[in-house]
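Student: Take this structure first; my questions come after.
Every read-out reported here was derived from the displayed coordinates using simple, explicitly stated rules and does not represent laboratory data. Everything numeric in this text was worked out from a predicted model, so none of it was measured. With ideal geometry, Cβ positions are generated from the backbone for all residues, glycine too; neighbour counts draw on all protein chains shown.
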Amino acid sequence: MKALKKYVAECLGTFVLVFFACGAAVVTKCSTDNYAGYLLTALAFGLVIVGMAYSIGNVSGCHINPAVSLAMLITKKLSLKDFIGYVLAQFIGAIAGAALLMLFVGKDSGLGTNGLFEGNVWLSLLIEVVLTFVFVYVILGVTSKKENGAVAGLVIGLTLTLVHILGIYFTGTSVNPARSFGPALFAGGEALKNVWVFILAPLVGGALAAVVFKVLNKE
């Protein structure tokens with residue numbers, strides 16, 4: 001029952017992330033031509049993390065991101081069984097969030113999907129690896145000490161905002177395989193064709209962050 005509660009919490013958190021944050025990207029018409037919408041979208045992603053961290057964090061740790069769960073698995077803060085359960089729950093939540101969003105804005109809105117930077121797969125992979133590395137490394141650092149518990153959610157949320165402020169220009173910012181897959185599944189077309197980039201790159205970035213963190217913090 002305890003494990004099920006964790007998975008439900010992860011599903012709920014990822015649902016909220018996709019519906020509200022990707023929804024914000026759609027309704028504010030996030031683009032580099034509209035910096036108000038650009039910044040509001042970045043804030044939406046960060047604020048969702050803050051809200052979820054302080055609401056479901058005590059249940060599941062509020063990963064709501066397979067890249068984060070992978071890093072926790074590598075640093076031995078998550079079992080293999082829970083890793084599988086978390087990732088499945090995250091993808092289910094993302095799909096549900098995207099499905100509900102589509103009911104309001106339609107698939108032609110793009111649903112906040114990611115896109116390749118100038119059509120270049122390698123540059124898109126690189127920027128997503130870098131963005132995810134920074135995001136996940138901060139998570140590992142701030143959650144490594146119990147005394148940071150009161151501010152961890154805020155720090156993580158602000159960091160996600162930061163990586164979006166830079167990353168939206170390049171790829172729309174994924175750093176989260178589930179967040180990218182849900183909207184792409186319903187949007188179809190190029191978004192679904194290229195979604196593998198936004199699944200692979202965050203996982204690589206998260207794994208690298210975990211390895212570097214272990215090395216630098218080895219006693």
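Student: Output needed for region 2-216: three equivalent-ellipsoid semi-axes, defined as square roots of 5 times the C-alpha gyration tensor eigenvalues, in descending order, whole Å.
Tutor: 25, 18, 17
Student: Another question, if that's okay. Quick one: if the Förster radius is 30 Å, what FRET efficiency do VAL8 and TRP196 give, using the C-beta to C-beta distance and rounding to 0.05?
Tutor: Values: r = 28 Å, r/R0 = 0.93.
With R0 = 30 Å, the Cβ-Cβ based efficiency is 0.60.
Student: Something else about it: Using only the Cα atoms of region 29-152, what semi-axes does the equivalent ellipsoid have when each is the square root of 5 times a gyration tensor eigenvalue? Give whole Å, largest first.
Tutor: Numbers: eigenvalues 144, 65, 57 Å².
Here the semi-axes work out to 27, 18, 17 Å.
Student: Gain in length, LEU40 to VAL121, computed as 0.36 nm per residue apart minus the alpha-carbon separation, to one decimal in nm?
Tutor: Values: separation 81, 0.36 × 81 = 29.16 nm, distance 2.69 nm.
Separation in residues times 0.36 nm, less the Cα-Cα distance, equals 26.5 nm.
Student: Check which residues have an amide H placed less than 5 Å from PHE117's amide H, if you skip close sequence neighbours.
Tutor: Counting only residues 5 or more places away or on other chains, the set is SER124.
Student: Cα axis of helix 195-216 to longest principal axis of the chain: angle in degrees, 0 to 90, nearest 10?
Tutor: 30
Student: Still on this structure, I have one more. Any chance you could tell me what percent of the C-alpha pair distances in region 118-168 go past 18 Å?
Tutor: Numbers: 481 of 1275 pairs.
When all Cα pairs of region 118-168 are counted, 38 percent exceed 18 Å.
Student: Run the dipole for the chain about the Cα centre, Lys and Arg Cβ at +1, Asp and Glu Cβ at -1, nothing else charged, and hand back the magnitude in debye, nearest 20.
Tutor: Working: 14 positive and 9 negative charges, 150 e Å.
It comes to approximately 720 debye.
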